[in-house]
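The values are calculated or read from the model by the stated rules, or taken from the named source; none is laboratory data. Everything numeric here is computed off the predicted structure, so don't read it as measured data. Cβ: placed from backbone, ideal geometry, glycine included. Neighbour counts: every protein chain shown. With ligands, DNA and RNA removed, areas are computed over all heavy atoms of the protein, side chains included. Shrake-Rupley method; radii C 1.70, N 1.55, O 1.52, S 1.80 Å.
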Amino acid sequence: MAKKNILNKKSLDFFEKYLNNPSPTGYEWEGQKLWMNYLKPYVDTFITDTYGTAVGVINPEAKYKVVIEGHSDEISWYVNYITDNGLIYVIRNGGSDHQIAPSKWVNVHTKNGMVKGVFGWPAIHTRDKSKEEAPKLDNIFIDIGAKDKKEVEKLGVHVGCVITYPDEFQVLNKDKFVCRAIDNRAGGFMVAEVARLLHENKKKLPFGLYITNSVQEEIGLRGAEMITQRIKPNVAIITDVCHDTTTPMIEKKTQGHTEIGAGPVISYAPAVQNKLRERILETAEKNKIPFQRMAASRATGTDTDAFAYSNGGVASALISLPLRYMHTTVETIHRDDVENVIRLIYETLLNIKDGETFSYFED
Ligand SMILES: [Zn+2]
C-alpha cells in the first residue's frame, strides 16, 4: 500500500462522532450502533452478543478465523451514595482517576437523559496549607445543583447511575488528537479502518476476518473473554493504547521508553505468541512502518490475555497506540501513529495464510 494518507474526511468525521458519544463500561450499545453503521459497507455480516460486543465479519463461511480487536468501553463513575444535602459520592467503573476529578464537569446518565453536574472542591482560601489533602475516592463529590436528596431524586439521579465526562474531540497543532476515551475508541476505529481499506483496495482474504469491538475491557477484559468463546478464532491481533513515557514524572527504568509519533508499539509478553509477533515485525520492516517495542511481565493487561488464554490457546499479539495522559480527559495521540497502526494490521493480514498454525514445532 502506498504511503499516502489513510485517514480521510469521512473517517475523521466518524472518529470524532464516535469519540464524542459516551460509551461507559456496561453501557456501550449506542457507540456500538455508530460503529456498526460505519463498518457496514465493508463487512458481510455482524455478530452481536448479550452484553453488547459487536463483530463485523468478512467471509463468515471460512473455517480459519482471524480476529482484529479493540475495546468499545470507556471508564466512568457510578453514583454510590447521595447525602441528605444533595451531594453525590461515587465509585469507579473502570480505572477512573480521582486525582483529576475536582473542577471537572460531568454528565450523570439517567432514564430521562443527561443531568449536568460538577466535581466540587474546597477553595484554596479555605484549605489548611500545612496539610493539603489530595483528591481521593472518599473526598471527591459531585454537585448537580440540588438542595437536598429529594431534589437529586427528582432529577432522575439514583444510586447506580453512571457518570461520564463531557470532554470532546480536539486537535492540537494539526496532528495530535485529544479527547477522553481515546482509550480505546481509537482501537475500534483503527480496526474498522482496516476493513475499509481491504474493501476499497478490493483485497480478498483467504480466511474469515472478525473485526471485533469488545465491551467491558476496563473492568477486566470481560467482553473479550465472552466473545472469544463465541468466535473460537485461530489468530487474534489486539490493539489498545499504551503509555507515552516521555512526559514528566514517569520513570523509564520501570515503565520503559515509548512515545507518541514514533510508531506502533509491539509487545513482548508470555501471552504474545512469538511466531505471530515475528510476522508482525517482519511486516513492519518490509513495509517500512516505524515501530517501538514494549515488554510486559506476566499479563499484558489488555484483551490480548483474554484471547490468548481461551479455547485451549489462540495465537495472539498486541499492537499498541502510544498515548499521553491515559485515563484523563485529555488523552493525546499522534495522527501518524493511528495511520501506522492501521497500516501494520492491514499489511499483517495480507501476510497470513489460510490454515497457519504458528506452531513452534513445524517448519
Ligand atoms: Zn483503559
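Could the peptides 86-96, 5-15 be put in order, highest first, of the mean number of other beta-carbon atoms found within 10 Å of their residues?
On the way: 86-96: 19.0, 5-15: 14.6.
Packing order, densest peptide first, comes out as 86-96, 5-15.
Structure remark: mean-square fluctuation, Gaussian network model of the chain, C-alpha springs under 10 Å; the largest value among Lys149, Lys204, Lys253 belongs to Lys253.
GNM remark for the chain: springs join alpha carbons under 10 Å apart, and the peak mean-square fluctuation among Asp138, Asp128, Asp44 falls on Asp128.
In this structure the chain gives 46 Å² per residue of accessible area when probed at 1.4 Å with all protein chains present. For the stretch 116-132, backbone phi angles converted through the Karplus equation (6.51, -1.76, 1.60; θ = phi - 60°) give residue-by-residue couplings of 6, x, 9, 7, x, 6, x, 4, 3, 5, 8, 8, 7, 5, 7, 9, 5 Hz, Gly and Pro being listed as x. Percent of C-alpha pairs per 10 Å bin in the stretch 22-145, short distances first: 11, 32, 24, 17, 11, 5, 1.
The distance from the alpha carbon centre of the stretch 43-76 to that of the stretch 283-351 is 17 Å, rounded to a whole number.
Principal-axis analysis of the Cα atoms of the chain puts helix 335-349 at an angle of about 40° to the longest axis.
Each residue of the stretch 318-329 was assigned a 3J(HN,Hα) from its phi angle through the Karplus expression (A = 6.51, B = -1.76, C = 1.60, θ = phi - 60°), giving 10, 10, 9, 9, x, 8, 9, 6, 4, 6, 9, 8 Hz with x at Gly and Pro.
Can you tell me the relative contact order of the chain? Whole percent, Cα pairs under 8 Å, sequence separation 6 or more.
Numbers: 786 pairs, mean separation 78.1, N = 363.
Relative contact order here is 22 percent.
Which whole-number percentage describes the relative contact order of the stretch 76-164, with Cα contacts under 8 Å and a sequence gap of 6 or more?
The normalised contact order for the stretch 76-164 reaches 44 percent.
With Cα atoms as the point set, the stretch 272-312 shows a radius of gyration and Dmax of 12.2, 35 Å. Amide H contacts under 5 Å for Tyr268: Met294, Ala295, Ala296, restricted to partners 5 or more places along the chain or on a different chain, H placed in the peptide plane at 1.01 Å from N. Computed over the stretch 10-58, the alpha-carbon pair-distance distribution with 10 angstrom bins reads 26, 52, 22, 0, each value a whole percent.
In units of the rule-of-thumb radius 2.2 N^0.38 Å, the chain shows an alpha carbon radius of gyration of 1.03. Largest GNM mean-square fluctuation across Lys232, Lys176, Lys147, computed for the chain with C-alpha springs under 10 Å, falls on Lys147. For a straight C-alpha distance cut-off of 23 angstrom, the lysines reachable from Lys147 (same-chain residues fewer than eight places away being disregarded) are Lys104, Lys111, Lys116. Restricted to Cα atoms, the stretch 76-164 shows a radius of gyration and a Dmax of 13.1, 45 angstrom. Between amide H atoms placed 1.01 Å from N, distances below 5 Å from Asp244 occur with Leu323, Arg324, Tyr325, all of them 5 or more places distant or on a separate chain.
Compute, for the stretch 76-164, the length of the dipole vector about the Cα centre, with Cβ point charges of +1 (Lys, Arg) and -1 (Asp, Glu) only. Units Debye, rounded to 20. Kindly include the intermediate steps, with their values, before the conclusion.
Working: 12 positive and 10 negative charges, 34 e Å.
So the dipole magnitude of the stretch 76-164 works out to roughly 160 debye.
Of all DSSP bridge pairs formed entirely within the chain, close to 60 percent run antiparallel. For the stretch 274-363, the gyration tensor built on C-alpha atoms gives an oblate shape. Its axis ratio a/c (a ≥ b ≥ c) is at least 1.5, and a/b is not larger than b/c. Expressed as a whole percentage, what fraction of the accessible surface of the stretch 76-164 belongs to carbon and sulfur atoms when a 1.4 Å probe is rolled over the protein heavy atoms? Its accessible area is 54 percent carbon and sulfur atoms. Here the alpha carbons of the stretch 184-267 define both size measures, Rg and Dmax, at 16.0, 47 Å. Altogether, the Stokes-Einstein calculation at 25 °C and 0.890 mPa s, with the Kirkwood radius of the stretch 239-292 over Cα pairs as Rh, returns a diffusion coefficient of 197 µm²/s. Against the chain, whose longest principal axis is taken from its Cα atoms, helix 222-231 shows a tilt of about 30°. Toward the positive end of the charge dipole of the chain, about the Cα centre and with charges on Cβ (Lys, Arg +1; Asp, Glu -1), which of His98, Asn5, Phe207 goes farthest? Looking along the dipole axis, the top candidate is Asn5. Over 25 Å apart at the Cα level, from the set Lys40/Lys176; Lys33/Lys288; Lys17/Lys176; Lys65/Lys275, are Lys40/Lys176; Lys33/Lys288.
In the chain, the DSSP-assigned H stretches of four residues or longer account for a calculated mean residue ellipticity at 222 nm of -8000 deg cm²/dmol, using -39500 (n - 2.57) per stretch and the full residue count as denominator. Along the stretch 264-269 the Karplus relation, 6.51 cos²θ - 1.76 cosθ + 1.60 evaluated at θ = phi - 60°, assigns HN-Hα couplings of x, 10, 9, 8, 10, 6 Hz to successive residues, with x for each Gly and Pro.
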